[in-house]
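The values are calculated or read from the model by the stated rules, or taken from the named source; none is laboratory data. This is a predicted model, so every value here is computed, not measured. Because the Cβ atoms are built from the backbone with ideal geometry, glycine has one as well, and the counts that use them run over all protein chains shown.
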Amino acid sequence: MDLLNKINFNWIKKFSYPLIIAGPCSAENKQQIFDITKELNKSYVEVLRAGIWKPRTKPGMFEGVGEKGLKWLIEAKKKFNILLAIEIATKEHVKIALKYDIDILWIGARSTCNPFTIQEISNELKDTNKIILIKNPLNLDINLWLGGVERLINNNILNIGLIHRGFTLYKNSKYRNQPCWLDVLNIKKKYPKLPILCDPSHIAGDRKYIYEISKNAINFGYDGLMIETHVNPDKALSDANQQIKPNFLTDILNKILLKKIITKSYLNDLNLYRTNILEIDENIISLLHNRLISSKNIGKIKKKYNIEIIQKEKMLELKKYYKNICEKFNIDQNFIQTIFELIHKKSIEVQI
């Protein structure tokens, strides 16, 4: 039996559809938490999120307020009657979070990348009835992501869901992280009882894209959204660019849910594959850009050492190389040859 079929889907049925989790990237002070929670539209938002411990890329950056922030969250929960969600990254975080009886715990992308970390967290959570959400790893490794889920299940943790926050690829795109929608929705297709939430904030990296990503996620059948919300986003101590004001969040949810800007099923299927093609095309263009930069550098070296721009032996070698790749992927060799003739023509132009 596939372990993932043991997951308890009933936990998410206790929430409205879709489940909306919102709040600041980081808890900064008590007043900030109260101001944000007060302004959240409770008819949509059922869970307040806030980072307590922040894994940062470089030392010296704001790394969260720590345990004292949990006291602010507990006060906000009592005052505004809202559930709480925080990130846990170590077994010590788990102990503290359980001590404060936090409702939902999520495992961040950086932690998901490390099976040892996931195992330690899982061991500390053994037999818990808490809702545990696990974000995708930074790299596009679906097996690593689902492997983290299996480690939780092996410790009798069954109230599980996924958070899709996008993937770090080899290039820059309009989003901070590339969605790779099709890869994630293949999980949903295989495991329909595994709840999947979307984190538009981390996919976007820029608040102007939150609406379009949220709309896509709901249209693609996601079970909920986790959106970073701040009363003064530009002054936020972490991830300022991707946070939105509570009233903007309400506007987004009104457009998507209240006004029902949801397309028909077959159009969603078409849109999914069209979106996937656009992602691939963006990757191709980015790679071509990098390729032309390398060609320019090759041209400089050839000029410096008085080497001929066109080298017939090298061209024949490349054709043989492409032929082998075409055979590997079972793709039309003439089609690829036509494409690379154009690429090589441009490469020669930038070398001259």
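Counting only residues that are in contact with a helix residue (DSSP H, G or I) (Cβ under 7 Å, 6 or more places away or on another chain) and β-branched (Val, Ile, Thr), which one in the range 21-41 is surrounded by the fewest Cβ atoms within 10 Å (Cβ to Cβ)?
The residue in question is Ile33.
Count, please, the residues in the range 163-188 that happen to be more than 17 Å from Asn216 (Cα to Cα) and more than 10 Å from the chain's Cα centre (by Cα). Even if it seems obvious, please write down each step before you answer.
Taking the range 163-188 and keeping what is more than 17 Å from Asn216 (Cα to Cα), we get 168-173.
Within this subset, residues satisfying the condition of being more than 10 Å from the chain's Cα centre (by Cα) are 169-173.
The number of residues fulfilling the criteria is 5.
Looking only at helices (runs of 4 or more DSSP H) that fall completely inside the range 140-238, which ones have 1 or more residues that are under 21 Å from Phe248 (Cβ atoms) and assigned by TED's automatic domain parsing to the domain that holds Lys30?
Values: elements: 142-154, 181-190, 200-204, 210-219.
It comes to 200-204, 210-219.
Give just the number: which of (1) without any contact (Cβ under 8 Å) to a residue 40 or more places away in the chain; (2) in contact with a Phe, Trp or Tyr (Cβ under 6 Å, 6 or more places away or on another chain); (3) not basic (Lys, Arg) does Leu140 not satisfy?
(1)
Condition check: at pLDDT 90 or above, exposed (fewer than 15 other Cβ atoms within 10 Å of the Cβ) and under 19 Å from Asp199 (Cα atoms). Does Asn290 satisfy that? Quick ask: steps written out before the conclusion?
Numbers: at pLDDT 90 or above: yes; exposed (fewer than 15 other Cβ atoms within 10 Å of the Cβ): yes; under 19 Å from Asp199 (Cα atoms): no.
No, not satisfied.
I want to confirm something. Restricting to the range 108-129 and keeping residues that are hydrophobic (A, V, I, L, M, F, W, C) and farther than 18 Å from Leu98 by Cβ, which single residue is nearest to the chain's Cα centre (by Cα)? Break it down into steps so the answer makes sense when it comes.
First, pick out the residues of the range 108-129 that are hydrophobic (A, V, I, L, M, F, W, C): 109, 113, 116, 118, 121, 125.
From what's left, farther than 18 Å from Leu98 by Cβ: 109, 113, 116.
Numbers: Ala109: 8, Cys113: 13, Phe116: 21 Å.
It comes out as Ala109.
Considering Lys99, Lys188, which residue is among the basic types (Lys, Arg) and crowded, with 16+ Cβ neighbours inside 10 Å? Please lay out each step first, then the result.
On the way: Lys99 fails: crowded, with 16+ Cβ neighbours inside 10 Å.
When all the criteria are applied, what remains is Lys188.
Restricting to the range 44-58, and then to whatever is of a type in the set (D, E, K, R) and not in a strand (DSSP E or B), can you tell me which residue is surrounded by the fewest Cβ atoms within 10 Å (Cβ to Cβ)? Quick ask: steps written out before the conclusion?
Within the range 44-58, the subset of a type in the set (D, E, K, R) is 46, 49, 54, 56, 58.
When the remaining residues are screened for being not in a strand (DSSP E or B), the result is 54, 56, 58.
Details: Lys54: 20, Arg56: 12, Lys58: 5.
Once the filter is applied, the top-ranked residue is Lys58.
Tell me, please, whether a residue that is in the same structural domain as Gly166 (by TED's automatic domain parsing) and surrounded by fewer than 17 Cβ atoms within 10 Å (Cβ to Cβ) can be found in the range 270-281. If you could, list the steps in order and put the result at the bottom.
Applying the first criterion (in the same structural domain as Gly166 (by TED's automatic domain parsing)) to the range 270-281 yields none.
Checked the range 270-281: no residue is in the same structural domain as Gly166 (by TED's automatic domain parsing) and surrounded by fewer than 17 Cβ atoms within 10 Å (Cβ to Cβ).
Here are some conditions: (1) touching an Asp or Glu at 6+ places or on another chain (Cβ under 9 Å); (2) surrounded by fewer than 21 Cβ atoms within 10 Å (Cβ to Cβ); (3) not hydroxyl-bearing (Ser, Thr, Tyr). Ile227 meets all but one. Which one does it not meet?
So the condition that Ile227 fails would be (2).
Residue check: is Val65 in the same structural domain as Ile252 (by TED's automatic domain parsing), in a loop (DSSP other than H, G, I, E, B) and closer than 19 Å to Ile86 by Cβ?
For Val65, the condition - in the same structural domain as Ile252 (by TED's automatic domain parsing), in a loop (DSSP other than H, G, I, E, B) and closer than 19 Å to Ile86 by Cβ - is met.
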